[in-house]
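Please read through the structure below; I'll follow up with questions.
Values quoted throughout were computed directly from the atomic coordinates according to the rules given, and no laboratory measurement underlies them. Bear in mind that the values here come from a model prediction, so they are computed numbers and not experimental data. Neighbour counts are summed over all protein chains in view; Cβ atoms, including those assigned to glycine, are modelled from backbone coordinates with ideal geometry.
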Amino acid sequence: MDQLIFQKKEEIYGWILNTITGNDERYYPSEDDINTLIYFVYNGAIIISESVIPNIEKPGEAILNKMSGPQKDYKYIAYKILENKNIEKENIKFEYTYGVRKIDLFVQTENKKIFIECGPTYIKKLIEYLEESNSELWLITQGNGPWEDLPPGLNKCQFFIIKRGPVWDKLFYKYLKIKYERIKDIRNCLNLLN
């Protein structure tokens, strides 16, 4: 597993659009959301690592038909990665509701929670999932299964693991403070209208 190191904020911006949103306009973030995530990554509050998808067998139609919801091929890959990490089958939840979110796959072990998003997703989820202590988010959004030909420029099938960085607590506190101030300002404006 290799940690991604970004030299410039523009690199993070590009990675977010290409990898998280998949350049799908349905998932494009607000400027505020994207700047928040860039700030967290650039300053070390969030760490992103790239991991290689192991050589797993190609799924048959019967296996894919047992998967629920969209992105069945990515869900299969996630399931096989979890299986390779000796996660017990009964601990793997598909299309799991956690709070107000529907998660493609969710695993809770004795010492951590793993949230897995397959395909393009909303960037707000990254911070929301990491709010949970001992959590990590896996993104299975790029490349194909190891059984397929890779697109030009890609020499491996990878997924991404996102965790809290060493300054998470400090920056998350600042983030919450700013968020609550904005809510207070909105309430004040609404009160003035009454």
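For helix 168-193, report the angle its Cα long axis makes with the longest principal axis of the Cα atoms of the chain; keep it between 0 and 90° and round to the nearest 10°.
Result, in degrees: 50.
Continuing with the same structure: Could you work out the pair-distance distribution P(r) of the stretch 71-125 from its alpha-carbon pairs, with 10 angstrom bin width and percents rounded to whole numbers?
Whole-percent P(r) values from 0 Å outward: 23, 58, 20.
A further question follows. GluC sites (Glu not before Pro) within the stretch 83-137: which are DSSP loop residues with at most 14 other Cβ atoms inside 10 Å?
Working: sites: Glu83, Glu88, Glu90, Glu95, Glu110, Glu117, Glu128, Glu131, Glu132, Glu136; in loops: Glu88, Glu110, Glu131, Glu132.
Listed in order of number, the matching sites are Glu88, Glu110, Glu131.
Restricting to DSSP loop positions (anything but H, G, I, E, B) with no more than 14 other Cβ atoms inside 10 Å of their own Cβ, which trypsin sites (Lys or Arg not before Pro) remain in the stretch 1-107?
Working: sites: Lys8, Lys9, Arg26, Lys66, Lys72, Lys75, Lys80, Lys85, Lys89, Lys93, Arg101, Lys102; in loops: Lys8, Lys85.
In loop regions of the stretch 1-107 (DSSP not H, G, I, E or B), the sparsely surrounded trypsin sites (Lys or Arg not before Pro) are Lys8, Lys85.
What ranking of Leu130, Leu137, Leu176 emerges when the number of other C-beta atoms within 10 Å of each C-beta is taken as an exposure proxy, fewest first? Let's see the in-between values first.
On the way: Leu130 21, Leu137 24, Leu176 11.
Final ranking by Cβ density, sparse to dense: Leu176, Leu130, Leu137.
Okay, moving on. Only bridges with both residues in the chain count here: give the DSSP antiparallel percent, nearest 5. Intermediate results must be reported in sequence, preceding the final value.
On the way: 22 of 28 bridges.
Approximately 80 percent, going by the DSSP bridge assignments.
Give me the tail of P(r) for the chain as a percent: Cα-Cα pairs with distance above 31 Å.
Details: 4072 of 18721 pairs.
Within the chain, distances greater than 31 Å cover 22 percent of Cα pairs.
Once you've got the Cα coordinates, tell me which of Lys89/Lys170; Lys72/Lys170; Lys72/Lys124 are over 30 Å apart.
Too far apart for the 30 Å limit: Lys89/Lys170; Lys72/Lys170.
Taking the convex hull of the alpha carbon atoms in the stretch 14-68, what volume per residue do you get, in Å³?
On the way: hull volume 7.8 nm³, N = 55.
In the stretch 14-68, the Cα hull volume divided by residue count equals 143 Å³.
Still on this model: Looking at the chain as a GNM with Cα springs under 10 Å, which of Val41, Val100, Val52 has the largest mean-square fluctuation?
The residue with the greatest mean-square fluctuation here is Val100.
How much mean residue ellipticity at 222 nm does the chain get from its helices, if each DSSP H run of length 4 or more adds -39500 (n - 2.57) and you divide by all residues, to the nearest 500 deg cm²/dmol? Can you show the working numbers first?
On the way: 6 runs with 71 residues, N = 194.
Result for the chain, helices only: -11500 deg cm²/dmol.
Which whole-number percent is the relative contact order of the chain (Cα, under 8 Å, 6+ apart)? Provide the component values of the computation, followed by the final result.
Values: 280 pairs, mean separation 50.0, N = 194.
Across the chain, relative contact order equals 26 percent.
Below 17 Å, Cα to Cα, which aspartates and glutamates can Lys102 reach? Residues fewer than 8 away in the same chain don't count.
Of all the aspartates and glutamates, those that pass the test against Lys102 - Cα under 17 Å, at least 8 places apart if same chain - are Glu117, Glu128, Glu131, Glu132, Glu136.
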